[in-house]
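The values are calculated or read from the model by the stated rules, or taken from the named source; none is laboratory data. The structure displayed is predicted, hence computed values, not measured ones. Every residue, glycine among them, receives a Cβ derived from its backbone with ideal geometry; neighbour counts consider all protein chains shown. Keep in mind that these areas ignore ligands, DNA and RNA; they rest on the heavy atoms of the full protein, side chains included. Shrake-Rupley method; radii C 1.70, N 1.55, O 1.52, S 1.80 Å.
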Amino acid sequence: MTVNPTRVSESDSETHRPTTAEIIEHLSRFDGPPEQFLVNLLAVQCHLASAAGGAILRVNPSGGAEMLAVYPPLSPGAAAPVWLAQSAESAPQVAAGGRPAVKPLHGPDDLYGAPANQNIILLPLRGGSGVQGLAAFLVTTGDQRILAATRERLELTVSLLSLYEMRLTLQQRQSDLARLRLAMETTAAVNEQDRFAGAAMALCNEVSSRWKCDRVTLGFLKGRYVHLKGLSHPANLSR
């Protein structure tokens with residue numbers, strides 16, 4: 001599901017355009033998968049910067065550019081538009097330089113020698129190990145002041161990607177800590193027992209309770225047979 005910067009009120013059917021702060025707050029709380037976040041990020045960036053299109057590219061080790069997300073989405077089987085093809089061509093050079101770049105895009109109707117009416121803004125996306133990707137935007141304007149202001153606005157919104165990455169990292173750490181706590185609590189319950197039989201029973205009961213198992217057994221392989229050493233909830237066992 002893509003973030004829609006324009007929503008319609010159900011009461012009066014009047015179009016309501018949320019403020020920039022509302023859009024950014026909504027995106028900063030997004031917790032969906034990365035590929036969905038990138039499309040939503042591009043939609044918001046294009047809306048705020050009045051860009052005709054946007055894309056997230058990644059430069060692979062062979063020096064080519066891979067498209068991770070594009071907005072508006074391309075039709076199945078459709079060829080990449082000219083601006084996207086030129087963005088992929090310029091991506092390795094801009095990523096290597098690590099600095100934003102603006103590439104003019106001349107159309108077939110442009111007069112010879114006249115400034116381009118369309119420009120591609122290329123913004124490197126930095127991570128912990130340097131430039132990891134590139135954001136490209138198609139902006140329809142020949143005014144250099146408007147173009148500079150648009151680039152600054154886009155550079156500010158790129159920080160939302162770092163915020164999303166930090167949230168994913170925090171969620172992963174919280175998940176790892178929860179798993180570690182679960183293992184430590186299970187180990188502590190087993191260590192309370194003084195005898196092996198009690199420890200085996202405690203382990204089976206803890207695993208059964210914490211992981212919602214119907215029955216847990218512990219056995220040791222001896223020859224061709226498994227010798228049962230522990231069983232969860234033996235009182236509920238029917239002969």
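Would you confirm whether any residue within segment 119-136 is at pLDDT 85 or above and open to solvent by 80 Å² or more (accessible area, probe 1.4 Å)?
No.
Does any residue of segment 221-236 turn out to be of a type in the set (Lys, Arg) and touching a helix residue (DSSP H, G or I) at 6+ places or on another chain (Cβ under 8 Å)?
Step one: list which residues in segment 221-236 are of a type in the set (Lys, Arg), which gives 222, 224, 229.
Next, from what is left, pick out any that are touching a helix residue (DSSP H, G or I) at 6+ places or on another chain (Cβ under 8 Å): 229.
Scanning segment 221-236, I find at least one residue that is of a type in the set (Lys, Arg) and touching a helix residue (DSSP H, G or I) at 6+ places or on another chain (Cβ under 8 Å), so the answer is yes.
Need the failing condition index for Ile23 against (1) in a helix (DSSP H, G or I); (2) modelled with pLDDT of 75 or more, just the number.
Against the list (1) in a helix (DSSP H, G or I); (2) modelled with pLDDT of 75 or more, Ile23 comes up short only on (2).
Hey, any hits in segment 192-213 for a residue that's on the phi > 0 side of the Ramachandran plot, modelled with pLDDT of 85 or more and open to solvent by 80 Å² or more (accessible area, probe 1.4 Å)? Show your work before the answer.
Applying the first criterion (on the phi > 0 side of the Ramachandran plot) to segment 192-213 yields 212.
With the extra rule that they be modelled with pLDDT of 85 or more, the set shrinks to 212.
Checking the rest, the ones that are also open to solvent by 80 Å² or more (accessible area, probe 1.4 Å) come to 212.
Yes, some residue in segment 192-213 is on the phi > 0 side of the Ramachandran plot, modelled with pLDDT of 85 or more and open to solvent by 80 Å² or more (accessible area, probe 1.4 Å).
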